[in-house]
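Here the structure is laid out as structure tokens; the discussion comes afterwards.
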Amino acid sequence: MLRIENLCKTFHKNQLDEKHIFQNLNLTIDKGDFVTIIGGNGAGKSTLMNMIAGSIFPDSGKIFIDDKNVTSMPEYKRAKLIGRVFQDPLKGTAPNLTIEENLSIAMLKNSSKNLALAINKQNSEFFKTKLAELNLGLENRLKAKVGLLSGGQRQAVTLLMATLIKPKILLLDEHTAALDPKSRDKILSLTKKITDDEDITTLMITHNLEDAFSFGNRTIMLKHGKISLDLKGESRQTIDPSVLFDDELTL
Amino acid sequence: MNILISTCSQGLIYAILALGLFITFRILNFADMTAEGSLTLGGSVCAVLIIGGMNPILSILAAGLAGSLAGMVTGFFHTKLKIQAILSGILTMIALYSINIRIMGKANLSLLSKKTIFKLVGDTQISNFLVGLGICAVLLLIMDLFFKTRLGVSIRATGDNEQMMRAQGVNTDSKKILALMISNFMCAVSGALIAQSQGYSDVNMGTGTIVIALASVVIGEALIRKSSFIYQLIAVVVGSICYRFIIFLVLNLGMSPSDLKLFTAVVAAILLSLPTIKKIVTRSVKNAKN
């Protein structure tokens, strides 16, 4: 599903603060996998996601999604294959647009932005059923501006928008880190429900080791731009997280 | 009574400019300085075409198209060449000064004995007012409808949260360029109507008009506080008419016309800073209570 070959990225090239984030990174993720990514600050987790999404481009190496080389495809084109939820709940939605207008944008991800009305009865009903599945009561607030919602509610809407049209890959960049504990649990269970129901290939960055090993079927640890740990299936249940702490103090 | 109607008519014509700026300033969140140039461009193109014998209504449309080209240039500067928004607009605006003189062949053109849209419908106070009202009403309806379409919603969302739109697979560059084209179309239409209304086109007719339009937008917002889109648009038109009445009033109270721009800037600055002032006042009231 996702294949990364010999990926290299250096920030501030040829300057004093030159930083090699990745040197020949290789990674293959299978269809339907839910991979959690852990690693200390500066390990390259977010950079990796930004490169998969096309927000930044690698210096060399190749990225394939579904065997299609997307390495130089601009972000907005690649976005048709990718669903994305950022850490900041404000980033994923347009505050001055209504809930249904926001959802209509996600709905039309692969359609032309023509002069047909953005909201009609049919998609309005569809949004209602989808929002009802979130269990937040948002199905009765279709015409409310998203800016009026709480961070947790906004993140739930963002998650729904990222998956309304099933993406090839879902990228979750610490998408619960900025939420209060209750909203965090809610968003995590929604994440599990949606990705299970739709069988979406998912990459989730997290700073929470418990989440990292209890979610999904594979865990990758990044350290200095290299994969220092790659656990699949059963082995994830038996690992002692304290080993990781010894190994990586900045985790 | 006559003065009342003619003040309203003037407000309506300038409202088209204010609506154009509403698109860039409020919807797109883009401080577009092109407007002053494209307003004059509208006036110049329209004047030259009318003198050349073109139908005044068609020449308004042609002026609008010229304006949208100016908007496209600004959009190109900003999105493709990555020049700052405000600077992109200033570059186009300055370039248009020379272009406008090229178009007219000199610094101003008179339309006094020529056919204008106002003369077509009778050239009375009432008919002039109705022309302005009709054009404004049509533009309001088209804008309200357009910004509910898929394309319109994606322009609004681009202004609201560009990063999200890119993550949603939208080419935000093209949306910005399109919004700038629509906005400057309206600025130029406004310029064409101003030229036809005052009977001449002048290379300096655009100077300071951004502040006038901005003042109209904020006056309207202060008067009509509704969040639905059509009310926001109506507020802009009402704001523009109010602005004309305020100007009429202060001139009658003896203010020198050359002080008007200072006055307008101060009014706009005060209204724009109202939210901040309110915050400071409520905070100090709270502190005083504690």
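Just so you know, all these numbers are worked out from the coordinates, no wet-lab data involved. Treat the numbers as computed from the prediction; the structure is a model and nothing was measured. Neighbour counts are summed over all protein chains in view; Cβ atoms, including those assigned to glycine, are modelled from backbone coordinates with ideal geometry.
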Mean Cβ-within-10 Å packing, highest first, puts peptides B:206-215, B:257-266 in the order B:206-215, B:257-266
Taking max minus min of the Cα coordinates of the range B:176-290 on each principal axis, largest first, gives extents in Å of 61, 41, 21
Sorted largest first, the Cα spans of the protein assembly as shown on the principal axes come out in Å as 91, 55, 49
Restricted to the protein assembly as shown, the DSSP antiparallel beta bridge percent, nearest 5, is 60 percent
Here the whole-number average of other chain Cβ atoms within 10 Å per Cβ of A:108-115 is 5
Here the membrane-span-like helices of chain B, with no claim about any membrane, defined by DSSP H, Cα axial extent at least 24 Å and mean Kyte-Doolittle at least 0.5, are B:2-21, B:34-51, B:56-75, B:85-104, B:125-146, B:172-198, B:229-252, B:260-289
Output field shielding_mean for B:154-163 (other chain Cβ, 10 Å radius) holds 6
Listed by chain and number, the aspartates and glutamates with an alpha carbon less than 13 angstrom from that of A:K145, same-chain partners under 8 positions apart left out, are A:E100, A:E101, B:D160
Between B:F245 and A:H224, the two model label points (7 Å from Cα along the beta-carbon direction) sit apart by a distance in nm of 7.4 nm
Mean per-residue count of partner chain Cβ within 10 Å for A:68-78 equals 2
With label points set 7 Å from each Cα along the Cα-to-Cβ direction at A:E133 and B:S113, the distance between them in nm comes to 7.4 nm
Burial-style ranking of B:225-233, A:167-175, B:277-285, average other-beta-carbon count within 10 Å with highest first, yields A:167-175, B:225-233, B:277-285
Whole-Hz Karplus couplings 3J(HN,Hα) for the range A:174-183, θ = phi - 60° and coefficients 6.51, -1.76, 1.60, Gly and Pro as x, run 6, 6, 10, 5, 9, 9, 6, x, 5, 4
Convex hull around the C-alpha positions of the range B:2-207: the volume in Å³ per residue is 107 Å³
At the level of C-alpha centres, the distance separating the range A:44-116 and the range B:189-246, in angstrom, is 38 Å
Taking every other residue with Cβ under 11 Å from the Cβ of A:K130 and scoring Lys and Arg +1, Asp and Glu -1, one gets -3
Under the rule rounded for a/c under 1.5, else prolate if a/b exceeds b/c, else oblate, using alpha carbon gyration tensor axes a ≥ b ≥ c, chain A is classed as prolate
In whole Hz, the Karplus estimates of ³J(HN,Hα) for the range B:105-110 (6.51, -1.76, 1.60; θ = phi - 60°; x where Gly or Pro) are x, 7, 6, 8, 10, 8
So for the range B:194-255, using the alpha carbon gyration tensor with a ≥ b ≥ c as root eigenvalues (a/c under 1.5 gives rounded; past that, a/b versus b/c decides prolate or oblate), I'd call it oblate
Long-range amide H partners of A:S60, meaning residues 5 or more apart or on another chain whose placed amide H is closer than 5 Å, are A:C8
So, with points 7 Å from each Cα along the Cβ direction, the B:S284-B:Y200 label distance in nm works out to 4.8 nm
Summing -39500 (n - 2.57) over every DSSP H run of at least 4 in the protein assembly as shown, dividing by its residue total and rounding to the nearest 500, the 222 nm mean residue ellipticity is -18000 deg cm²/dmol
Along the range A:86-91, Karplus-curve 3J(HN,Hα) (6.51, -1.76, 1.60; θ = phi - 60°) to the nearest Hz, with x for Gly and Pro, reads 8, 5, 7, x, 6, 7
A student applying the Cα gyration tensor rule (rounded when a/c is under 1.5; otherwise prolate if a/b is larger than b/c, oblate if not) would label the range B:1-58 oblate
Of the listed pairs A:K31/A:K68; A:K186/A:K223; A:K77/A:K113, those with alpha carbons more than 18 Å apart are A:K186/A:K223
By the mean-Cβ-within-10 Å protection proxy, highest first, A:48-55, B:192-199, A:142-149 rank as B:192-199, A:48-55, A:142-149
Plugging the Cβ-Cβ distance of A:D185 and B:I86 into 1/(1 + (r/R0)^6) at R0 = 45 Å yields, to the nearest 0.05, a FRET efficiency of 0.50
